[in-house]
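Below is one structure, written out as structure tokens; the observations come after it.
The values are calculated or read from the model by the stated rules, or taken from the named source; none is laboratory data. Values in this document were obtained by computation on a predicted structure and should not be read as measured data. Every residue, glycine among them, receives a Cβ derived from its backbone with ideal geometry; neighbour counts consider all protein chains shown.
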Amino acid sequence: MKIIVLTALVIVTGLILAGGCITMTNKNTENITASATLSTRSNASNHSLNTTTNATSNITSNLKGSLRVSISGISYPANLSVVLDNETVGTVTPSKPLYLMVPEGNHTVIVCVSPVCEHEHVTTRFGTYVSVDFSERLQRDVKFPNPNAKPTARILDFYKNGNDISVNVEFFNPSTKDLQMTVMVSLGYSSIDDRTSIKMGDSAKGVLVKNVRAGQRITEILTLEFASGHSHTYYSPVIEELKIK
């Protein structure tokens, strides 16, 4: 009888221990499953956040701003190329501006009337409007809008200065190389001889030599002197000869 009871107790104790082991195993399994689920959700959330951040970054870098380029104030016909960051992006005329959508950031806009180029640095932003007009600078700096113009000289004006005549001579050099330009100017006049009181006819002449750089227009003064006498009457000065080399 005692043996049977002892055996039964051993069996019951074994079952309890076995039941405890099974219960511990199930708890560990639940913890592992929960940890894996949290880790998966965390990684998914991080991935979603990174994807959103990258998408936002890409959208920002692709934003563009408006740019308007014009030459509406110039007084001569022109059809000029517009260069943006060393790339030709279109043309502009006095009656037709050029409208562009440009990526956000700093840019350089260039318009040229050979050999003169005008530059403008601009900053574009999404939702903003930037306007660049080159009219004033082109009017000021471009002396020879006609691409077929040739080097020449002309008399702008003249005035009497005592017994002399001062002549303003303007030199044009629309070419792409520096030139030496020489003009001979003459002026016809008449005067009363101091000794004989006879009216005499004569002319005054002068030579002006000037080195004129490519694309430059400059003005120089040439002084012509009268001979002795009084009551001078003079005519308009003229350019007798122009030499270019």
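Residues that are in a strand (DSSP E or B) and modelled with pLDDT of 85 or more do occur in the stretch 132-145, at least one of them. Summed over the stretch 203-228, residues that are over 15 Å from ASN168 (Cβ atoms), of a type outside the set (Gly, Ala, Ser) and touching a Ser or Thr at 6+ places or on another chain (Cβ under 7 Å) total 4. Being modelled with pLDDT of 80 or more, of a type in the set (Gly, Ala, Ser) and surrounded by 13 or more Cβ atoms within 10 Å (Cβ to Cβ) is a property that ALA227 lacks. Of the set (1) touching a residue at least 40 places away in the same chain (Cβ under 8 Å); (2) surrounded by fewer than 17 Cβ atoms within 10 Å (Cβ to Cβ); (3) farther than 27 Å from ASP178 by Cβ, all apply to TYR76 but (3). Against the list (1) loosely packed, with under 12 Cβ neighbours inside 10 Å; (2) in a strand (DSSP E or B); (3) not hydrophobic (A, V, I, L, M, F, W, C), the condition SER190 fails is (1).
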